[in-house]
Amino acid sequence: MAPNTATAGKSYAQKAADLFMTAVGMKSATKPEPKEDAFAEEKLNPVASANLLAERCRQYLSNSDVQKIREAFRYADQAHLGQFRNSGAPYITHPIAVAEILASWHMDAETIEAGLMHDVLEDTGITKIEMSEKFGVKVAELVDGVSKLDKLKFSSNEEAQAESFHKMLLAMSRDVRVILIKLADRLHNMRTLGAVKQHKKFRIAKETMDIYAPIASRLGLFSVYRELSDMSFSYMYPIRYRVLEKKVAESRMRKKNALDQIYHETSDRLAARKIRGDVQGKNKSLWRIYSKMKERKIRFSEVLDVHSFRVLVPTRDDCYRALGVIHELYKPVPGRFKDFVAIPKANGYQSLHTTVIGPGGLMVEFQIRTGEMHHICEDGITAHWLYRDRNTSDQLQRNTMDWLNGLLEIQKQSGTSLEFMENIKVDIFPDRVYVFSPRGRIIQLPKGSTAVDFAYQIHTDLGNCTIGCEINGETAPLTRELKNGEMINIIKGDKPTPNPSWLSSVRTGKARAEIRQYMRSLSEEGKIELGSKLLERSSKSHHLPYSKVTNEDWTRVCKANGFTDKNALLDAIGSGQKDSLLLLHQLTAPYTLKGNETATTVQQSQEPVLALKGQICKLAPCCTPAMDDVIIGHYIAGTNTLHVHRKDCSHVQRGMRTDPENWRDLQWNSQYKGGYPVKLDIELTNTHATLERLTSMIAQQHSSVTGFAMSQQNGVDKVELTILVGDTKHLQKIINAIRTIDTVRLVSRHLESTPAMKPVDVEIDE
């Protein structure tokens, strides 16, 4: 977090800073007065002094290492002299807090030195060469890996963030300590986010939730992940956070007696079976609860594992013995048992999970693990430094380095930093699925992965040559989501023929990067040929009348999508820039309405509304009216054009006040047999996996997609589809069909609002 150099003023923060300066033997400098919105003033950590930090480090580091850390403190202190945080505290309190977090993870001296100086290159005039000469190349490389790219110019904030994150991940792939320093930095910044201006809080919290919390989870740092995600949740959606927090607290109070009974019964039964088990109550992350409610569209009362217990036992065998004892005591819920001991997660996580029905029908989750498993769970990759001589931590270190090396491979195949960012984001989230190769090898993939992801995970050549697959011995679509325990057999072709449409369904960054790299390697002629083949293949699989497409249709679709000619559009399909199915829908739109094979000629001979009196009729794009809607027309004299609106359109309400004489009621022409383009607003939980299902569902309802736009607002994926319908009844059938797709959160008919009428999220200040 950037320092603040405001002018002096008396405050509580100044008094705190004076105490700090006294502790480290420095004179108090002039300090800024904290801003009025700093409602939660930064409190100094008990270890916020060089002396106390040194004492903590001395518990596990040599005297020479501690001396180097002291030198790094003095260097950072001098570099940040006169700089202050938003709360008014001296800026040096932040690097010390970061170093203290790193020391709590028992990191080595070089890492703590870099933590103390992590903002020196970014916020002062000191260069990397100067730092290398004084503290060594390794320390300087660590600091440089964490530093942002503020001095470079980018076309957008997204590009700047992507490039900075790109650089950090590459440095991280060479030395994992880079990301540990960054996580410690972000953790302290989130703890003191109350002093940041209101409009910045949501942006910082969103970035933390999207990037840093998932990385902490991927590295096995679950204590860090929980804290980052819950704090981000509280700043992104403060009202929802407070409501859920209250709900959880009330639920615990209501069920306290039952929870106490479960605790005592479990402890007593384990002791009776001579199993040394430490039963602990466990608070589930509020963000995890909220995410589950949102994803499954359920109420708080339907979340089964709000209340949970952790059981720590001495050995691996005791884990399964304790599981048997718990299942004797309470009836297990079918389908709620997971064995992460036999098959650990990619981040090293090991535990047995089971949900049981306790007293009074109370659903309770138990997590059973050994003490060492628990340390690995909480400390993740830092266990390599905490337990160096342990086999488990060494294996975790190897798994992590394999993952980091995979980042380098993805980077090589990515064209830009933004593309690299996109590829990485889908690969760092924690939910995993475990499948088997024909030889019994366990392959870990992100939840929602397909057989194509599996093929690329095995080898790039296998992925490029994939033409089909068998799941559990039966032929299955390549786009089908894989489930835990399935056996996957890839059918390999003779030549590499990756399908760009796979990009809409694959989940791994490796698969996405390799497919795009292959598309880029094709010649222009090869891309055009591939684009044509993909259109033909999509028309056969989705039963769309591609053979009826005329040159006029090609011209219409090229113009609508900004392409000069047919070859340019085919090139875009073949290179993966455009989805073949969506463009095919646009090309065949005039021929797909039920019972209307000659829609094009009919449209030319009839008009959709009556009594036009020689005027040109246009259906308004703001409200996209369709047959059976109550409509009104706005006549524009200069163009002799009549714009047809729905009566509930906001433009009608405004226009009737300013220009009432040029508006008149209209009636639909019942003889008109053409289609009506209607816009739908759709919110998705998994965009990439849902697009193909959406277009297929629309095709099954005898309609087609003529327009497509995608965006993200407040962390929600939104798609705007323009579809061709016969009337409002036909439209309603399509909407009802779309609602059956489990990854669709919301679908509604689009209706533009005026700026004054536009809805505002009161929880978001930006």
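The values are calculated or read from the model by the stated rules, or taken from the named source; none is laboratory data. Owing to the predicted nature of the structure, the values given are computational and were not obtained by experimental measurement. Heads up, the Cβs are rebuilt from the backbone with ideal geometry, glycines too, and the neighbour counts pull from every protein chain shown.
Overview of results
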| read-out | value |
| --- | --- |
| Some residue of region 28-47 being modelled with pLDDT of 90 or more, in the same structural domain as S132 (by TED's automatic domain parsing), in contact with a helix residue (DSSP H, G or I) (Cβ under 7 Å, 6 or more places away or on another chain) and not in a helix (DSSP H, G or I) | no |
| Test: residue in region 502-511 that is closer than 30 Å to T588 by Cβ, assigned to a loop (DSSP other than H, G, I, E, B) and among the β-branched types (V, I, T) | yes |
| Residue match in region 476-487 (condition: among the polar types (S, T, N, Q), more than 24 Å from L582 (Cα to Cα) and at pLDDT 85 or above) | no |
| Filter result for the condition that a residue is surrounded by 19 or more Cβ atoms within 10 Å (Cβ to Cβ) and among the basic types (K, R), over R441, R507, R520, R480 | R507 |
| Which numbered condition T690 misses (of (1) outside any loop (DSSP other than H, G, I, E, B); (2) at pLDDT 75 or above) | (2) |
| Criterion violated by K284 - all others in (1) at pLDDT below 90; (2) within 17 Å of G358 (Cβ to Cβ); (3) in contact with a helix residue (DSSP H, G or I) (Cβ under 6 Å, 6 or more places away or on another chain) satisfied | (3) |
| Subset of region 350-376 [touching a residue at least 24 places away in the same chain (Cβ under 8 Å), surrounded by fewer than 21 Cβ atoms within 10 Å (Cβ to Cβ) and either in a helix (DSSP H, G or I) or touching a Gly at 6+ places or on another chain (Cβ under 6 Å) (or both)] | P359, G360, G371, H374 |
| Restricting region 48-62 to residues that are in a loop (DSSP other than H, G, I, E, B) and at pLDDT 85 or above, the residue that is surrounded by the fewest Cβ atoms within 10 Å (Cβ to Cβ) | Q59 |
| Boolean, K292 is without any contact (Cβ under 8 Å) to a residue 24 or more places away in the chain, in a loop (DSSP other than H, G, I, E, B) and either surrounded by fewer than 19 Cβ atoms within 10 Å (Cβ to Cβ) or among the aliphatic types (A, V, I, L, M) (or both) | no |
| Enumeration of residues in region 726-740 that are β-branched (V, I, T) and either surrounded by 17 or more Cβ atoms within 10 Å (Cβ to Cβ) or part of a helix (DSSP H, G or I) (or both) | T728, I734, I735, I738 |
| Every residue from region 312-349 that is on the phi < 0 side of the Ramachandran plot, exposed (fewer than 14 other Cβ atoms within 10 Å of the Cβ) and of a type outside the set (A, V, I, L, M) | T315, D317, G324, E328, K331, P334 |
| Scope region 522-560; condition among the small types (G, A, S), modelled with pLDDT of 80 or more and more than 27 Å from R480 (Cα to Cα); matching residues | G526, S547 |
| Among the residues listed as L694, L642, L721, the single one being more than 32 Å from the chain's Cα centre (by Cα) and not charged (D, E, K, R) | L642 |
| Among (1) under 21 Å from the mean Cα position of the chain (by Cα); (2) surrounded by 21 or more Cβ atoms within 10 Å (Cβ to Cβ); (3) at pLDDT below 85, the one test that V435 misses | (1) |
| Enumerated helices (runs of 4 or more DSSP H) restricted to region 550-590, each holding at least 1 residues that are more than 22 Å from L522 (Cα to Cα) | 551-561, 580-588 |
| Lone unmet requirement of (1) over 19 Å from I467 (Cα atoms); (2) modelled with pLDDT of 80 or more; (3) loosely packed, with under 14 Cβ neighbours inside 10 Å for K495 | (1) |
| Some residue of region 707-717 being outside any strand (DSSP E or B), buried (at least 18 other Cβ atoms within 10 Å of the Cβ) and in contact with a strand residue (DSSP E or B) (Cβ under 9 Å, 6 or more places away or on another chain) | no |
| Cross-chain or 6+ apart pairs with Cβ under 6 Å, region 103-132 first and assigned by TED's automatic domain parsing to the domain that holds F84 and over 10 Å from I181 (Cβ atoms), then part of a loop (DSSP other than H, G, I, E, B) and of a type in the set (G, A, S) | L121/S147; E122/S147 |
| Test: residue in region 6-17 that is modelled with pLDDT of 50 or more and either in a loop (DSSP other than H, G, I, E, B) or crowded, with 21+ Cβ neighbours inside 10 Å (or both) | no |
| In region 111-130, the residues that are at pLDDT below 90 and either among the hydrophobic types (A, V, I, L, M, F, W, C) or over 22 Å from A54 (Cα atoms) (or both) | V120, L121, E122, D123, T124, G125, I126, T127, K128, I129, E130 |
| Of residues in region 653-676 being buried (at least 17 other Cβ atoms within 10 Å of the Cβ) and in contact (Cβ under 8 Å) with a residue 24 or more places away in the chain, the one farthest from S505 (Cα to Cα) | L666 |
| Residues located in region 560-581, provided they are farther than 14 Å from L530 by Cα and either without any contact (Cβ under 8 Å) to a residue 40 or more places away in the chain or hydroxyl-bearing (S, T, Y) (or both) | N561, G562, F563, T564, D565 |
| Which numbered condition R252 misses (of (1) assigned to a helix (DSSP H, G or I); (2) under 28 Å from the mean Cα position of the chain (by Cα); (3) among the basic types (K, R); (4) under 20 Å from L362 (Cβ atoms)) | (2) |
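Condition check ((1) in contact (Cβ under 8 Å) with a residue 60 or more places away in the chain; (2) not hydroxyl-bearing (S, T, Y)) across all residues:
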residue	(1), (2)
G220	yes, yes
L228	no, yes
S232	no, no
Y235	no, no
P238	yes, yes
Y241	no, no
L244	no, yes
V248	no, yes
K255	yes, yes
